[in-house]
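This report concerns only the one structure given below.
Every number in this text was worked out from the coordinates using simple rules, so none of it is lab data. If you're wondering where the values come from, they're calculated on a predicted model, not measured in any experiment. Counting neighbours? That spans all protein chains shown, and the Cβs are built from the backbone with ideal geometry, glycine included.
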Amino acid sequence: MIGRPFFLSLSYIFHPVVMPFLGLYLLFNLETLPVSYNTKDALFYFPDKAKIYIYIIVGILTIAAPLLSLIIMYYNKLISSLHLMDREERVYPFILVSFYYFLAYFFVRFKIPEELRHPALEGFLFGMLLLFVFSFIANFYIKISLHAAAIFGLSGMILGYSQTQLPPMGVESATNIFMIIYLLIVAGLVSGGRLYLKAHKLSEILLGAVLGFGIMFVTVKYGLYI
């Protein structure tokens, strides 16, 4: 059947572990204009050296370290699947990955120069940490869909950031509107695929989608962090 391979591929391509890095890539590469006269208020115009530094930090702590930890847990039979299908098996990976996310937030929040700090960027990393912690708490009661939380969180993040920016010169449509529509379509496909694969119930997917979209939209749009 075509359906199962297609939705499995989507689940791997848009695996929650790659969403933070993808979100960072979009923030840095979607061209926008700042509302203020300071060009650095648009992350597209951030210095390349600063972007590379943040890419490395986020890449190591949100992709490489979690994946390596999950693989080690898998081969030591601490988890039965890299998709963490069993709710009870998620506890230790959640704690470990939350720690990695905290380190990523800490390094960007406190270890980069003051002039390179941006409320949307720090809100994004804080929101990412907050989303994972809330998902960890919810996991004690329901097997929340991390795929839905991640992809809808990415959509909410881009929507929130876009509402603080102007479109590039010559573009008359709303800022990043086509990317937002594309992400929402992908989010629907990924979430629908989790249902099709019987990996989650509808309630688990809806909870993940609402939690992800809501937290990321608010923290990025309003630049909320501690």
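More than 25 Å apart: what percent of Cα pairs in segment 3-221 qualify?
Everything past 25 Å amounts to 38 percent.
In whole percent, what relative contact order does segment 3-221 give with Cα contacts below 8 Å and a gap of six or more residues?
Dividing the mean separation by the residue count of segment 3-221 yields 29 percent.
Could you work out how far apart the two model spin labels at LEU78 and ILE52 are, taking each label as a point 7 Å from the Cα in the direction of the beta carbon, and quote it in nm?
Reported label-point gap for LEU78 and ILE52 is 3.4 nm.
In a Gaussian network model over the chain where Cα atoms closer than 10 Å are linked, find which of LEU202, LEU121, LEU24 has the largest mean-square fluctuation.
LEU202
Testing the spin-label approximation: label points 7 Å from Cα along Cα→Cβ at PHE99 and LYS201. State their distance in nm.
Between PHE99 and LYS201, the label points sit 3.2 nm apart.
Would you mind telling me which residue in SER135, SER203, SER155 has the biggest mean-square fluctuation in a Gaussian network model of the chain, where springs connect alpha carbons within a distance under 10 angstrom?
SER203
For the Cα atoms of the chain, what angle does the longest principal axis make with the long axis of helix 119-138, in degrees from 0 to 90, nearest 10?
20 degrees
Can you return the lysines within cross-link range of LYS221? Criterion is Cα-Cα under 24 Å, with same-chain partners fewer than 8 residues away left out.
Straight-distance partners of LYS221: LYS40, LYS51, LYS111.
How large is ³J(HN,Hα) for each residue in segment 77-87, as worked out from phi by the Karplus curve 6.51 cos²θ - 1.76 cosθ + 1.60 (θ = phi - 60°), to whole Hz, x for Gly and Pro?
Using θ = phi - 60°, the values come out as 6, 7, 9, 9, 7, 5, 7, 6, 5, 7, 4 Hz.
Taking Cα atoms, how many degrees apart are the long axis of helix 91-110 and the longest axis of the chain, rounded to 10 and kept between 0 and 90?
Helix 91-110 sits roughly 10 degrees off the main axis of the chain.
If you take the beta carbon distance between ASN38 and TYR222 as r and set R0 to 25 Å, what does 1/(1 + (r/R0)^6) give as a FRET efficiency, to the nearest 0.05?
E(calc), rounded to 0.05, equals 0.85.
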